[in-house]
Amino acid sequence: MDKIKKVYTKNAPEPVGPYSQAVTYRGIVYCSGQIPIDPGTGLLISGNIEDEAGQVLENLKSVLIKAGASLETTLRVTIYLTDIMDFNAVNGVYARYFTGEPARSCIQVAALPKGARVEMDAIAAII
């Protein structure tokens, strides 16, 4: 029987609640949402939305690598924005990270943890 395994890396922020950075099962990694927290300081970065999206993607990339996956093996991403007007700016950053164009949804939400403006989660194949 396959086991669900928790994924943890110091190269991504500690979870802000009772959950794992990711779990793996049968060759798939399910990443929890990442917000723009600097894993070195534990603080939410602030600035422009591009900087925040870049930090989110760096965090997500670190979790994927620890799980044995990568941005290139990502199957699906969900983006959560507190302001849908940030869509184009986030797309610009996103396109630099995801050249394989995984399936994706982008949703405007009322609020995100710690006052973040962007959050992303992902599902990827372990290679």
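Rule-based calculations on the coordinates, nothing more; no lab input. Bear in mind that the values here come from a model prediction, so they are computed numbers and not experimental data. Ideal geometry is used to build each Cβ from the backbone, glycine not excepted, and the neighbour counts take in all protein chains shown.
Expressed per residue, the C-alpha convex hull volume of segment 5-125 stands at 92 Å³. Among I4, I28, I37, the ranking by other beta carbons within 10 Å of each residue's beta carbon, starting with the fewest, stands as I4, I28, I37. Here segment 29-127 carries DSSP beta bridges of which approximately 65% are antiparallel, counting only pairs with both residues inside.
Here the 3J(HN,Hα) profile of segment 7-23, calculated from phi with Karplus coefficients 6.51, -1.76 and 1.60 at θ = phi - 60°, is 10, 9, 9, 6, 7, 9, x, 4, x, 8, x, x, 8, 8, 4, 6, 9 Hz, Gly and Pro shown as x.
Computed extension gain for R104 through T9, at 0.36 nm per residue and net of the alpha carbon distance, reaches 31.8 nm. From its DSSP helices (H runs of at least four residues, each -39,500 (n - 2.57)), the chain gives a residue-normalised ellipticity at 222 nm of -7500 deg cm²/dmol. Look at L43, L64, L71 and count the other Cβ atoms within 10 Å of each Cβ; fewest to most, that gives L43, L71, L64. Along each principal axis, taking the top coordinate minus the bottom one, the Cα set of segment 76-127 gives 35, 20, 15 Å in descending order.
Grab the Cα-Cα distance for R26 and I127, subtract it from 0.36 nm times how many residues apart they are, and report the gain in nm with one decimal.
Numbers: separation 101, 0.36 × 101 = 36.36 nm, distance 1.14 nm.
Stretched fully, the R26-I127 segment lengthens by 35.2 nm.
Label positions at T78 and K114, each projected 7 Å from the Cα along the C-beta direction, are separated by 2.0 nm.
Remark: the N48-S70 segment gains 5.3 nm on full extension, using 0.36 nm per residue and subtracting the alpha carbon distance.
Computed from Cα positions, the angle between helix 87-97 and the longest principal axis of the chain comes to roughly 40 degrees.
Bridgeable aspartates and glutamates around K5 (alpha carbons under 18 Å apart, same-chain partners fewer than 8 residues away excluded): E14, D121.
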